[in-house]
Each structure stands twice: as structure tokens, then as C-alpha cells.
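Some notes on the structure that comes next.
The values are calculated or read from the model by the stated rules, or taken from the named source; none is laboratory data. Nothing here was measured: the structure is a model prediction, and the numbers come from that model. Methodologically, a virtual Cβ is constructed for each residue, glycine included, from the backbone with ideal geometry; neighbour enumeration extends over all protein chains shown. Heavy atoms of the whole protein, side chains included, go into the accessibility calculation; ligands, DNA and RNA do not. Shrake-Rupley method; radii C 1.70, N 1.55, O 1.52, S 1.80 Å.
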Amino acid sequence: MASIELKNIVKKYGDGFAAVNDVSIDIADGEFVILVGPSGCGKSTLLRMIVGLEDITTGEMVIGGERVNDKAPRDRNLAMVFQNYALYPHLSVYENIAFPMRLGKNVDEEDLDRRVREASTTLDLDEHLERKPANLSGGQRQRVAMGRAIVRDAQAFLFDEPLSNLDAKLRGQMRTEISRLQKKLGITTVYVTHDQTEAMTLGDRVAVLKRGNLEQLATPRELYEQPVNLFVAGFIGSPPMNFMPANVNGDSLELPFVTVPLSPELAEKVKGNDILIAGVRPEHFEDSSLVDDDAKGVRFTAPVDVIEWMGNEQYAYLPFEAPREVADKLKELEADLDGESMRTQIVVSLDAASRVTSGEDAELFMQTDRMHLFVPETGDNLTREVETVQA
Ligand code: ATP
């Protein structure tokens, strides 16, 4: 097992395009780090540079304290688990797991047998050892692929979207299994995905990438509660964070349905901005009648046009129109919003007990201390670690 340090890693392809742009990440021995981001953000390229399948343009890759930039993949002793598992269809589960050991010289059959059986017990594959991959479920195949990595005593596991071709239920099960196994083995793991649920549930820390840049590297909780910018805020969370135009008016903030008083500290921070983008997650709204009188926040009335009943909660959709001048200004800035274009509805998550109905006005509550404020031009979050509302 080993630590993995990425130091100012840059990857430029032939045409000069920077697929990875000065990324630095320190992965501790035994840590589970996720690389996540939309298609084309450079996450697979980063993983391939760790494993040695892709040259590094500039920067240093250090594994277990040793610089490996010029080392061939086979000399890095890392185990890569791919999307398609790359199992040999004509070999049994036993032989598939044993395969990497058989590639070595002077194979000690007894040692090999012991390691394969240990791995199969850990992975709950004992009763399938004689089967061929075609006769296994997707989850079992995944475990065989991990078995191959385990017998090698690899320094780290590298996963490239390993669950993307499984159905939703199995994906959920495998997520838990990978998490359990990684804890049990305590092996350094880097895992690439574009699925934010996997990112949030599996990793000790998550690296969010956008167009080759590292936007934020943090624990799942910090990413969710303290996103550095509009991109991270919009990318993490489902349904996503609501973004609303916010007109700054002295020490208060005018939102589509409600005016929010600002704390002196925040009023100071937002000074100099006319328009901001307010971000509030769906769960930080509630049916006003279900909220205590002393709850910290604001109450407001808004029309509800659609309700989605989920059983344990319900989503209410509140359409709104941004004031003309705000809409125009935000439109001008659209390019800077990175596809996070201003949505013209708010999605609120309400308790299943709420009796709010579609086609009518609803009395709602918004938890203002959970509100984020972003600068439209840069996307920066002004409210990280700041008390938002007047006490
Ligand atoms: P996905 O989720 O779609 O696999 P990704 O985040 O893994 O995306 P990468 O495969 O790392 O993205 O690619 C990052 C960027 O580098 C993309 O814009 C891609 O088009 C570009 N790229 C990848 N390989 C090459 C290559 N051989 N030559 C030129 N550009 C490349």
C-alpha cells in the first residue's frame, strides 16, 4: 500500500489542448479518493497517468514516496479495475483470479492457491470458483475483477467507472460492497466516476474536476455544505441546488418571492455587487405550517404548478420570472455560468405530511442560514463559512 501524490500535473495532447491543467492532489496511504466531473473533464486521463498508461506532460507523479513519471505501468504495481472487468471468458473464476500471479516467474503453486482462496473468501466467491464468467452475475464478475487485484498485493486500486454498466439496484449493492471491501483491506483507492451519488457515498474525499481543472477537493460533507463555486454547488446534489437571481439592496436581498435581511458581516461581503445568484438546496425549504415559530428563516407565499409525490417526501415546483433587468444581466453572463443557466423554477422538498396542492399558492419557509451567494461573473461562493441572516 502506498500514498499517491499528484504534483502540478499537466496533460497536453498533440494539438496543445490541456486535458488536465495543473492538478495537485495528495492521496494518503489507505485513503479512498474519488475523481468526479462531467464528460471530458479529464478524470480518466488523470487515472491513466497514475497507472502509467498516459505520459505526463509536466508535473510529478509520486507513488509510495518514489517518482514514477518514467516507470512502466507493470513496475508501478497498481491494480486497475475497468468498466468491463476484462475477465477471460474461457478461464474459471479461480484461474481468472490466479492469472496475474501466473504471469510472474517461479510461481509457487501452494502460495498461489492460498492467496486465491483467501481472496475468494474475502469476496464471497468460494462457491463460484469453478464457474466461467459468463455464468456469473454482473456483481460477481465485479468481485472476480477485484480478486485479481487483491492477489497481486497491489499498492493501490484504481477504478474507472466500474459500475456504469450495471442496473440501478445492483449498482447500489456493489457500491456498498466496494466501500466495505476497501475499508476491510485498507488499500489506497482512486475511483473515477461521473455519478455524483457514487462520489458522495464512496469516498473519504472527492476531487471535482471541470475542463481539466480541479475545482474543489474535500470530504463529501464539505462539498455539499460549503461548495467553493457555482459549478460545484450545481454538480453535487439531487435534485440540484436552486439558483435564483438576487438583487442586493443595502442590507437586504431581494429574491423572487421574498426579501431576506442580511447579517452585517454578509452585507459587508456583498458590498459592490448589484446582482448575485442565490443558491438554496431543495431540502432547505419546507411547508410553513410544519415549521416551528422560532425557526431561523423567512416565510413566503408562492404558486405551485407541479407536485411530485415520492412517498417519503414530495417535490413542489414553483415557477418564477426574474425581473427584466436581472434576467438581461444574467443572460449577458450566461457564458460564465458554465451551463448552470438560471433556472426559472424553484424545486422544494417538502415533508410527506404537507398538504400543499398543485395549482394553488403555498405558504412556504426557507432556511436562510443555508443560503449560498455566488458572484455571477466568477461563480465564487461569497458565503463559505459566513453567517447569512440577521439573528
Ligand atoms: P468521460 O467521462 O467522457 O470518459 P473524462 O473526464 O474521463 O470523460 P478524458 O477521457 O480524461 O475525460 O478526456 C479529457 C479531455 O481530453 C477530453 O476533452 C478529450 O476529448 C481529450 N482527449 C482524450 N484523449 C485524447 C487524445 N488522445 N488526443 C486528444 N485529446 C484527447
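Results, tabulated for the structure shown:
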item	result
All helices (runs of 4 or more DSSP H) inside region 197-294 with 2 or more residues being within 16 Å of the ligand (Cβ to nearest atom)	230-235
Odd one out for LEU166 among (1) assigned to a helix (DSSP H, G or I); (2) touching a residue at least 12 places away in the same chain (Cβ under 8 Å)	(1)
Selection from region 23-81 of residues that are touching a strand residue (DSSP E or B) at 6+ places or on another chain (Cβ under 9 Å) and basic (Lys, Arg)	LYS43, ARG48, ARG67, LYS71, ARG76
Region 22-51 residues that are among the polar types (S, T, N, Q), paired with ones that are more than 9 Å from the ligand (Cβ to nearest atom) and at pLDDT 95 or above (beta carbon under 9 Å, 6 or more apart)	SER24/GLU5; SER24/LEU6; SER24/LYS7; SER24/ASN8; SER24/ILE9; SER24/GLY59; SER24/LEU214; SER24/LEU217
Qualifying residue in region 169-187 (condition: within 16 Å of the ligand (Cβ to nearest atom), farther than 25 Å from MET61 by Cα and within 15 Å of the chain's Cα centre (by Cα))	no
Some residue of region 249-267 being touching a strand residue (DSSP E or B) at 6+ places or on another chain (Cβ under 8 Å), closer than 15 Å to GLY379 by Cβ and not aliphatic (A, V, I, L, M)	no
Breaking point among (1) open to solvent by less than 10 Å² (accessible area, probe 1.4 Å); (2) modelled with pLDDT of 95 or more; (3) hydrophobic (A, V, I, L, M, F, W, C), for ILE236	(2)
Of residues in region 109-132 being in a loop (DSSP other than H, G, I, E, B) and at pLDDT 90 or above, the one most open to solvent (accessible area, probe 1.4 Å)	GLU130
Single residue of ASP70, ASP55 found to be closer than 20 Å to LEU209 by Cα and open to solvent by 40 Å² or more (accessible area, probe 1.4 Å)	ASP55
Residue list for region 1-44, filter: open to solvent by 20 Å² or more (accessible area, probe 1.4 Å), within 12 Å of the ligand (Cβ to nearest atom) and within 18 Å of the chain's Cα centre (by Cα)	PRO38, SER39, GLY40, SER44
Test: LYS296 is more than 21 Å from ALA362 (Cα to Cα) and among the charged types (D, E, K, R)	no
